[in-house]
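To keep things clear, I will list the structure first and then write my remarks on it.
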Amino acid sequence: MKRFNTTLTRSLTFTLFGIALFILVSSSFQTCHARRRGRHIHHHNPKPPLRKVPPPPPPPYKAPSPPPYEVPVPPPQVPPPPYEAPVPSPPPPPSKAPSTPPPSPPPPPPSLSPGGKGNKTAYSSTFNVLDFGAKGDGIADDTKAFQAAWTAACKVAGSMIIVPAKSEFLVGPISFSGPYCQPNIVFQLDGTIIAPTDPRAWGNGLLQWLEFTKLAGLTVQGNGTIDGRGSPWWQDTPSYDDETQLIIPLNNTVAQTPPMPVGVELRGKMPSVKPTALRFYGSLNVSVTGITIQNSPQCHLKFDSCSGVVVHNISVSSPGDSPNTDGIHLQNTKDVLIHSSDLACGDDCISIQTGCSNVFVHNVNCGPGHGISIGSLGRFSTKACVSNITVRDVVMRNTMTAVRIKTWQGGMGSVQGVIFSNIQVYEVQLPIVIDQYYCDKAKCTNQSSAVALSGITYEKIRGTYTVKPVHFACSDSLPCVGVTLNSIQLKPQQEKYHMYDPFCWQAFGELTTPTVPPIDCLQLGKSPKSNLQSVYEACL
């Protein structure tokens, strides 16, 4: 019994201890381990003490934000990209463009009409001679102002020098020089440039008055005038064209000493060396258009050692008896186009000298003057080379000759590949001339060597003559070969006066059509003396 009681006492003690321990553990972990509470309670415990405590809300319910609030926030308030694309940097409206000048204006076009004084600031590349001190009154010497304007323009590619209208500029001998100038300079001439008539301005004599040298892409244009005021130079200068010896009209209409115009009162004797009015030397791609050149002391317009020349819509004017005043003079110049111009002067309307090739002349009016000439060539036993020359659609009125080739005895070289086509002549003394005995003095020595002529074509040359229709005087040692005549119709202006028949000497070629008058003197075929291969090779 005593053992039983002891055992019972221990069992109760253990049980009480276990209950107390259970209560203590359950109260300590009811907050942090509510979910695990069922795992630590025995299944046989009928009354869990923490069942009455409401379970806390699950953490996943509070963590996420409600999606209906965040979804509509981003895109609906922003305009779509297609609407915003044209908005940045839109072009200015056309109506507002003139109020804002462009940041870098282009250089003025060649046809730009120049303004008056102060126009230099309109374009950074425009230089008005008035802004450099020119007076433009025809009395003050404006040479230095022109030189200063050129010096400034020379530094700017595509620049323009303006010689404004309604002004007259007295300019002495001047050279607008390269070769270090920028290309494509425009000389806009709308006023008048006059030459000095005081002999002191010319020293002992100069070969040119206005000169452009060693330039590329130069253009001289405008509606202005270059006036050489040449009459003081013409007083003591006889004319030296040898063709006057061929003109012996029986009606004695040509005076032996034609009157010389005076024009202005001399202040003293002018130098014996006469200047050309406008000369271009050693330049590439030169254009002259629109201007008038008048009363030059000697040649009006000269191109020497140039390439790529275009001349059109110009006017050359001087009296028909002004000596040695060629209209356009070409020398050592290639690739030339001359058209749509009026040329009136006292010598050749166009003179083509040695070293010229690829020259095309068309739609030109010539007269008064001596016609269009190749030569004179071979003077002082020099070599002359001319090739590929075409002259067509030209009108000649009251000229000495129409189309002419003239060479000196004793010369060397060749002229080949020449076409004269559709030339209309009115009262021309000698329409068609080849003269290989040219001489501009009283007596010339006969010599055997000569410039060889070959491949010369005359077609559709029509109109009236006053002395002789055709004159072919070729060399004995090197006859003219390949002379072709086609559709030649030349009638005398006045039947009542005796006219000379066509003349031929050592001229060989062909007649492709009947001619008026008949040119029976041309020898058909080739010359037995012609051996031109070595002559042509000398000009290659």
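The values are calculated or read from the model by the stated rules, or taken from the named source; none is laboratory data. The structure displayed is predicted, hence computed values, not measured ones. Counting neighbours? That spans all protein chains shown, and the Cβs are built from the backbone with ideal geometry, glycine included. Accessible surface is based on the protein model in full, side chains and every heavy atom, while ligands, DNA and RNA are left aside. Shrake-Rupley method; radii C 1.70, N 1.55, O 1.52, S 1.80 Å.
Here are some notes:
- Hydrodynamic estimate: the Kirkwood radius of region 305-346 over Cα pairs, inserted into Stokes-Einstein at 20 °C and 1.002 mPa s, corresponds to D of 190 µm²/s.
- The average projected area of region 272-341, computed from the convex hull of its Cα atoms over all directions, is 4.5 nm².
- Alpha-carbon Rg with Dmax, taken over region 383-540, Å: 15.3, 50
- Computed FRET value (nearest 0.05) for Asp141 with Thr464, which takes r as the C-beta separation and R₀ as 45 Å: 0.40
- Estimated vicinal HN-Hα couplings, Hz - region 338-348 in sequence order (Karplus 6.51, -1.76, 1.60; Gly, Pro = x): 10, 7, 6, 9, 10, 10, 9, 7, x, 9, 4
- Diffusion coefficient (Stokes-Einstein, Kirkwood radius over C-alpha pairs, 10 °C, 1.306 mPa s) for region 459-509: 130 µm²/s, rounded to a whole number.
- A DSSP coil position with no more than 12 other Cβ atoms inside 10 Å describes the following trypsin sites (Lys or Arg not before Pro) in region 350-445: Lys441, Lys443.
- Long-range tail of P(r) for region 121-197 (Cα pairs > 20 Å, %): 25 percent
- Cys306 sits among other residues whose Cβ lies under 11 Å from its own Cβ, and their net charge, with Lys and Arg +1 and Asp and Glu -1, is +2.
- Computed from phi, the 3J(HN,Hα) profile of region 481-495 under the Karplus parametrisation 6.51, -1.76, 1.60 (θ = phi - 60°) reads 10, x, 8, 10, 10, 9, 6, 9, 9, 10, 10, x, 5, 10, 5 Hz, with x in place of Gly and Pro.
- For Thr457, residues with placed amide H under 5 Å, excluding near neighbours: Val418, Ile419, Phe420, Thr484
- For the set Ser167, Ser373, solvent exposure ranked by accessible area (probe 1.4 Å, protein chains only) runs largest to smallest as Ser167, Ser373.
- Based on every Cα atom in region 375-427, Rg and the maximum pairwise Cα distance Dmax equal 13.3, 36 Å.
- Asp501 - accessible surface, heavy atoms, 1.4 Å probe, Å² rounded to 10: 120 Å²
- Extension reserve of the Thr390-Ala201 stretch, reckoned as 0.36 nm per residue once the Cα distance is removed: 64.0 nm
- Normalised by 2.2 N^0.38 Å, where N is the number of residues, the alpha-carbon radius of gyration of region 284-403 equals 0.96.
- Here's how it looks for Ile405: its modeled amide H is under 5 Å from those of Ile374, Val433, Ile434, Asp435, which are all 5 or more places away or on a different chain.
- Per-residue 3J(HN,Hα) values for region 144-159, derived from phi via the Karplus relation 6.51 cos²θ - 1.76 cosθ + 1.60 with θ = phi - 60°, read 5, 5, 5, 5, 5, 5, 5, 4, 6, 5, 4, 7, 10, 5, x, 6 Hz in sequence order (x marks Gly and Pro).
- Additional length obtainable on full extension of the chain from Cys521 to His312, 0.36 nm per residue less Cα span: 71.4 nm
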